[in-house]
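Undergrad: Structure below; questions to follow.
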Amino acid sequence: MGIFEEHATRRRFTLGARCLLGRHEACDLRVNDPRVSSEHASLHWVGDHWELRDLGGRNGTWIEGRRLSPGERVALARGAIVALGGPGRAWALVDDAPPVVTARNPLTGSVRVGAIHGRTAPGRSVAGTAIHHRLTYDG
């Protein structure tokens, strides 16, 4: 499963199939930093890789020290360094595996990881939803 790790704190965030990054409380990876826009960037699993998209934040989305153009999409590989609002606050993609179904117990904090189960009879599809927890980072 995909994992982002913040450089300064080593805190980790498990990636769902689609993640919104920014300052707004609805973001999956919430960053309390005035340099970060409400909805700053998005991260998606696309086929066989993670894709980062800049959503036009005023202070930019950075990959490996390079500022992305507004709306630009870039494929991420393991070890990629991503920063929001400037090159100083960074996360690394420490695991670039595809997302898996997970659930976190809000009372105990324990995380369950499971496989997607379903029928595979002709004409049927197997579907699952990745459920992941939201984290807030103060800056």
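The values are calculated or read from the model by the stated rules, or taken from the named source; none is laboratory data. Owing to the predicted nature of the structure, the values given are computational and were not obtained by experimental measurement. Note that we place each Cβ from the backbone using ideal geometry, even for glycine, and neighbour counts take in every protein chain shown. To get the accessible areas, we keep the full protein, side chains included, count just its heavy atoms, and leave off ligands, DNA and RNA. Shrake-Rupley method; radii C 1.70, N 1.55, O 1.52, S 1.80 Å.
Undergrad: Which of the numbered conditions does Asn59 fail, given that it passes all the others? Conditions: (1) in contact with a strand residue (DSSP E or B) (Cβ under 6 Å, 6 or more places away or on another chain); (2) at pLDDT below 95; (3) under 14 Å from Arg89 (Cβ atoms).
TA: Of (1) in contact with a strand residue (DSSP E or B) (Cβ under 6 Å, 6 or more places away or on another chain); (2) at pLDDT below 95; (3) under 14 Å from Arg89 (Cβ atoms), only one is false for Asn59: (1).
Undergrad: Out of the residues in the range 72-81 that are of a type in the set (Gly, Ala, Ser) and either on the phi > 0 side of the Ramachandran plot or not in a strand (DSSP E or B) (or both), which is least open to solvent (accessible area, probe 1.4 Å)?
TA: Filtering the range 72-81 for residues that are of a type in the set (Gly, Ala, Ser) and either on the phi > 0 side of the Ramachandran plot or not in a strand (DSSP E or B) (or both), the one least open to solvent (accessible area, probe 1.4 Å) comes out as Ala80.
Undergrad: Also: Can you tell me which residue is farthest from Val94 (Cα to Cα) among those in the range 7-43 that are polar (S, T, N, Q) and open to solvent by 40 Å² or more (accessible area, probe 1.4 Å)?
TA: Out of the qualifying residues, it is Ser38.
Undergrad: Filter the range 44-58 for residues that are more than 18 Å from Gly79 (Cα to Cα) and in contact (Cβ under 8 Å) with a residue 24 or more places away in the chain; which is least open to solvent (accessible area, probe 1.4 Å)?
TA: Gly57
Undergrad: Something else: For the range 7-18, what are the residues that are in contact (Cβ under 8 Å) with a residue 60 or more places away in the chain and touching a Ser or Thr at 6+ places or on another chain (Cβ under 9 Å)?
TA: Thr14, Gly16, Ala17
Undergrad: While we're looking at this one, here's another question. Can you say whether Ala26 is in a loop (DSSP other than H, G, I, E, B) and touching a residue at least 60 places away in the same chain (Cβ under 8 Å), as far as the supplied structure shows?
TA: So Ala26 fails the test.
Undergrad: Residues of the range 59-71 being assigned to a loop (DSSP other than H, G, I, E, B) and surrounded by 14 or more Cβ atoms within 10 Å (Cβ to Cβ), which ones?
TA: Asn59, Gly60, Leu68
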